[in-house]
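Nothing in this text is a laboratory measurement; each read-out follows from the coordinates by a stated rule. Everything quoted here is computed from the prediction, not taken from an experiment. Neighbour counts are summed over all protein chains in view; Cβ atoms, including those assigned to glycine, are modelled from backbone coordinates with ideal geometry.
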């Protein structure tokens with residue numbers, strides 16, 4: 001499921017001298033064509049993307065600032081914010097280490113069935129979040145394969161924090177790897193080989209040669225991974241058990257408030273996550289801009 | 001290097017590949033295999049009975065049908081949006097470009113309650129529709145709207161880079177040979193975009209089939225009418241019917257595998273068509 005979630009290489013092209021399609025008679029559309037396409041597509045954009053985003057904030061502040069503040073500082077809301085942060089703080093580094101290891105093995109070495117391995121890494125993207133949650137219930141639930149053993153040792157995974165972390169790891173599994181594999185494949189391995197030949201050890205080579213090269217892709221993967229980790233709903237909903245104040249993450253808290261017709265409170269918590277989404281998009285744009293600048297500097301260096 | 005093709009200079013192959021396989025197996029492959037182990041232990045006939053129960057079949061029809069329709073609608077409007085972003089200069093273009101990814105970044109539950117607030121009979125758009133006797137939220141139309149929301153960026157983000165890479169010279173040559181704009185689009189541009197468009201379509205469809213969070217609030221979840229397949233899994237789980245939930249999950253997992261295979265083939269085709277390595 002690449003393409004849609006990876007660093008947009010097209011942005012890199014758009015920084016290079018703008019190609020003015022509208023100044024070229026061969027690529028210029030007639031005014032009525034241009035305005036029709038622009039009108040239709042922007043209306044679609046406004047109706048389907050802008051309107052829901054605006055609605056979150058309008059509904060959150062409908063009953064005023066006091067109600068908003070009370071809603072997000074209420075005990076259960078604070079507990080849900082804490083749990084969401086815990087899940088992300090554990091899941092993101094785990095998938096970061098995995099992503100770097102997988103990208104190193106896949107990009108720097110040749111082995112059989114490599115393409116198949118990449119497909120398997122992508123798998124969690126195409127599995128329904130509900131199915132992702134279900135598999136952990138089947139493994140660790142009371143009736144699950146390991147249920148009796150866990151019970152005998154007084155361990156609880158499903159309907160407790162470990163289950164929420166596991167489900168979060170599953171749904172955010174490919175993000176960092178997906179970002180780094182094509183990036184490191186494109187960069188080849190000559191620079192690393194030179195470092196090793198010159199006497200650096202593996203860790204020094206990674207730290208001083210590879211990491212600076214993949215920095216922006218890495219940060220980008222982490223940002224996306226984090227956004228999904230904090231916002232995951234379906235998978236977490238299955239394994240959480242919805243115990244108020246204990247196993248509710250922010251998205252689950254939103255669901256409970258909404259189903260209790262506390263709309264203003266539900267949208268207040270939702271507005272925090274919408275803010276996180278906007279910050280993610282701003283970071284994404286900044287990173288793409290930095291990566292494009294780097295790529296351009298790199299081109300100029302190799303040209304001179 | 002050529003004289004020693006099998007010699008590895010770089011360290012860490014065994015460690016990183018070993019860790020990758022271990023982590024992948026423990027967190028993804030073994031957990032997913034439990035779905036098939038559990039389904040197999042129930043027997044084939046029991047599985048068929050679960051998967052073809054009328055209420056389950058209705059949920060499959062809705063999930064797959066609405067996902068297909070949403071992906072088709074997104075293919076049309078996503079292509080127009082990608083075209084606008086690449087070909088036209090207009091104020092706010094950069095902001096629109098950045099916000100296209102909103103459905104990736106916005107948690108599904110947030111999208112779900114926002115869409116419900118807009119399209120419910122008391123909502124801004126919903127009340128306008130209600131005046132004409134049309135109900136959107138709490139019907140299959142609501143499901144469709146949620147799936148359009150989450151699928152749009154897949155189309156735009158797969159078509160946009162191909163459109164930007166398109167050689168202007170092709171259009172210049174076609175123009176100088178006397179072709180009209182529409183002919184150029186139909187016979188030169190569209191065939192080049194097609195693999196990317198189909199890839200985006202398949203990605204949007206795959207995502208929409210399994211979507212849960214943005215749909216359940218607006219769907220109303222009426223049995224046989226607006227219940228999606230992932231919700232059926234949750235409903236069965238809440239009734240402690242683990243075999244039932246797993247049977248539905250097995251069908252959805254097989255659909256995911258098939259879609260993943262199709263998407264991979266489409267991406268390979270797309271890469272060949274635009275002459276780029278994957």
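Need one number: the % of Cα-Cα pairs in region B:40-109 sitting beyond the 14 Å mark.
Numbers: 1812 of 2415 pairs.
For region B:40-109, the fraction of Cα-Cα distances above 14 Å is 75 percent.
What order do you get for A:197, A:161 when you list them from fewest to most C-beta neighbours inside 10 Å? Write out the running numbers ahead of the final one.
Details: A:197 9, A:161 17.
Fewest-to-most ranking of A:197, A:161: A:197, A:161.
Counting residues in region B:58-277 as N, plug N into 2.2 N^0.38 Å and put the Cα Rg over that result. Before the final figure, lay out the partial values.
Working: Rg = 20.0 Å, N = 220, 2.2 N^0.38 = 17.1 Å.
Expressed relative to 2.2 N^0.38 Å, the Cα Rg reads 1.17.
So which residue, out of A:227, A:46, A:268, gets the largest mean-square fluctuation from a GNM of chain A using Cα contacts under 10 Å as springs?
A:46
If r is the Cβ-Cβ distance from residue A:293 to residue B:257 and R0 is 56 Å, what FRET efficiency results, to the nearest 0.05?
Details: r = 40 Å, r/R0 = 0.72.
Efficiency at R0 = 56 Å is approximately 0.90.
Could you work out the mean projected area of the convex hull around the alpha carbons of region B:1-160, in square nanometres to one decimal? All intermediate terms of the calculation are to be shown ahead of the outcome.
On the way: hull surface 72.0 nm².
So the mean shadow area of the Cα hull is 18.0 nm².
Hey, what's the Cα Rg ratio for region B:156-278 versus the globular rule of thumb, 2.2 N^0.38 Å? Intermediate values should be presented prior to the final figure.
On the way: Rg = 21.0 Å, N = 123, 2.2 N^0.38 = 13.7 Å.
So region B:156-278 has a normalised radius of gyration of 1.53.
Rank-order B:259-265, B:213-219 by packing density, defined as the average count of other C-beta atoms within 10 Å over each peptide's residues, highest first.
Top of the packing list down: B:213-219, B:259-265.
Within a 10 angstrom radius of the beta carbon, how do A:250, A:230 rank from fewest other beta carbons to most? Please list the in-between numbers first.
Values: A:250 28, A:230 25.
Listed from fewest to most nearby Cβ atoms, that is A:230, A:250.
Other chains near A:106-114: what is the mean number of their Cβ atoms within 10 Å of each residue's Cβ?
Taking all residues of A:106-114 together, the mean is 3.
Percent of alpha carbon pairs in region A:158-233 separated by more than 18 Å?
Working: 1511 of 2850 pairs.
Tail fraction, whole percent: 53.
Can you show me the helix-derived [θ] at 222 nm for chain B, built from DSSP H runs with n ≥ 4 at -39,500 (n - 2.57) apiece and divided by the number of residues, rounded to the nearest 500.
Dividing the helical sum by the residues of chain B leaves -24000 deg cm²/dmol.
Give the average, rounded to an integer, of partner chain Cβ atoms located within 10 angstrom of each Cβ in B:111-122. Don't jump to the answer; show the numbers that get you there.
Values: counts 11, 7, 13, 12, 4, 4, 9, 6, 2, 0, 0, 0.
Mean inter-chain Cβ contacts per residue within 10 Å come to 6.
Please label the shape of the protein assembly as shown as rounded, prolate or oblate, based on the square roots a ≥ b ≥ c of the eigenvalues of the alpha-carbon gyration tensor (a/c under 1.5 means rounded; beyond that, a/b larger than b/c means prolate, else oblate). Working shown, then result.
On the way: a/c = 1.57, a/b = 1.12, b/c = 1.39.
Taking the square roots of the gyration eigenvalues as a ≥ b ≥ c, the protein assembly as shown is oblate.
Which value in nm describes the separation of the simple spin-label points at residue A:197 and residue B:55, placed 7 Å from the Cα toward the beta carbon?
6.9
Over chain B, what relative contact order in percent results from Cα pairs under 8 Å that are six or more residues apart? Working shown, then result.
Working: 305 pairs, mean separation 76.6, N = 278.
Answer for chain B is 28 percent.
Only Cα pairs under 8 Å and at least 6 apart count here; give the relative contact order of region A:163-304 as a rounded whole percent. Spell out each step's value before the answer.
Details: 96 pairs, mean separation 38.8, N = 142.
For region A:163-304, the relative contact order is 27 percent.
Rg/Rh for chain A to two decimals, with Rh computed the Kirkwood way over all alpha-carbon pairs. Can you show the working numbers first?
Details: Rg = 23.3 Å, Rh = 22.4 Å.
For chain A, the value is 1.04.
Provide a whole-number value for the mean count of partner chain Cβ atoms within 10 Å of the Cβ atoms in peptide A:52-59.
Values: counts 17, 6, 2, 10, 6, 1, 3, 5.
Across the residues of A:52-59, the mean count of other-chain Cβ atoms within 10 Å is 6.
Pairs of alpha-carbon atoms within less than 8 angstrom and 6+ residues apart define the contacts here; what relative contact order does region B:161-273 have, in percent? Spell out each step's value before the answer.
Numbers: 58 pairs, mean separation 33.0, N = 113.
Value for region B:161-273: 29 percent.
Could you work out how far apart the two model spin labels at residue B:271 and residue A:115 are, taking each label as a point 7 Å from the Cα in the direction of the beta carbon, and quote it in nm?
Label at residue B:271, label at residue A:115, 0.8 nm between them.
Take A:135, B:225, A:92 and order them by how many other Cβ atoms sit within 10 Å, fewest up front.
Working: A:135 29, B:225 15, A:92 23.
With the sparsest Cβ surroundings first, the list reads B:225, A:92, A:135.
Would you kindly calculate the translational diffusion coefficient of region A:118-207, applying Stokes-Einstein with the Kirkwood radius from alpha carbon pairs, for 10 °C and a viscosity of 1.306 mPa s, and quote it in µm² s⁻¹ without decimals? Kindly include the intermediate steps, with their values, before the conclusion.
Values: Rh = 16.2 Å.
Result for D is 98 µm²/s.
Seen from all sides and averaged, what is the projected area of the convex hull of the Cα atoms in region A:44-144, in nm²?
On the way: hull surface 46.5 nm².
That works out to 11.6 nm², a quarter of the Cα hull's surface.
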